[in-house]
Amino acid sequence: MTKERQIAYVKHPVSAEKKKELVAKGFKIIDARFKPKDAEEIESEVEKIELGTDSGAGLSDDQLRAAITEATGKAPHHKLGREKLVEAFNALNAEAAGE
């Protein structure tokens with residue numbers, strides 16, 4: 001007899017922190033695009049980035065890179081310019097806010 005695990009359908013990529021949290025709770029992680037219509041919602045993957053700002057223009061490049069990495073689980077390319085970093089940060093905040 002095998003142990004059945006609940007499935008968490010989560011938007012990928014999943015951050016390492018989120019993956020660790022869900023696995024610790026006993027969930028098997030599957031990309032949200034494969035979620036059947038009748039499956040239950042476990043929890044939302046998108047969370048507001050908490051740095052006290054809605055715009056990345058006032059943050060350093062290192063802060064932007066850290067926030068993007070934390071939110072997506074993937075580090076931005078090391079040659080990505082400031083303009084693109086701010087754009088990515090603002091897009092993540094807009095997505096998290098449901099805009």
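Can you tell me which condition HIS77 does not meet? The list is (1) at pLDDT 85 or above; (2) under 13 Å from the mean Cα position of the chain (by Cα), and all the others hold.
(2)
Rundown of residues vs (1) in a loop (DSSP other than H, G, I, E, B); (2) at pLDDT below 80; (3) under 13 Å from the mean Cα position of the chain (by Cα); (4) surrounded by 14 or more Cβ atoms within 10 Å (Cβ to Cβ), yes/no style:
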residue	(1), (2), (3), (4)
MET1	yes, yes, no, no
GLU4	yes, yes, no, no
ILE7	no, no, no, yes
LYS18	no, no, yes, yes
VAL23	no, no, no, no
ILE29	no, no, no, yes
ARG33	no, no, no, no
PRO36	yes, no, no, no
GLU40	yes, yes, no, no
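Say we look at region 47-73 and pick out the residues that are part of a loop (DSSP other than H, G, I, E, B) and surrounded by 12 or more Cβ atoms within 10 Å (Cβ to Cβ); which of these is modelled with the highest pLDDT?
Step by step, filter region 47-73, then rank; the result is GLY73.
I'd like to check something: does region 63-75 contain any residue that is more than 20 Å from HIS12 (Cα to Cα) and charged (D, E, K, R)?
No, region 63-75 has no match at all.
Condition check: closer than 19 Å to GLU17 by Cα and of a type in the set (Asp, Glu). Does GLU83 satisfy that? Outline the logic, then answer.
Numbers: closer than 19 Å to GLU17 by Cα: no; of a type in the set (Asp, Glu): yes.
So GLU83 does not fit the description; no.
The values are calculated or read from the model by the stated rules, or taken from the named source; none is laboratory data. On a predicted model such as this, the values are computed, not experimentally measured, just so you know. We place every Cβ from the backbone using ideal geometry, glycine too, and count neighbours over all the protein chains shown.
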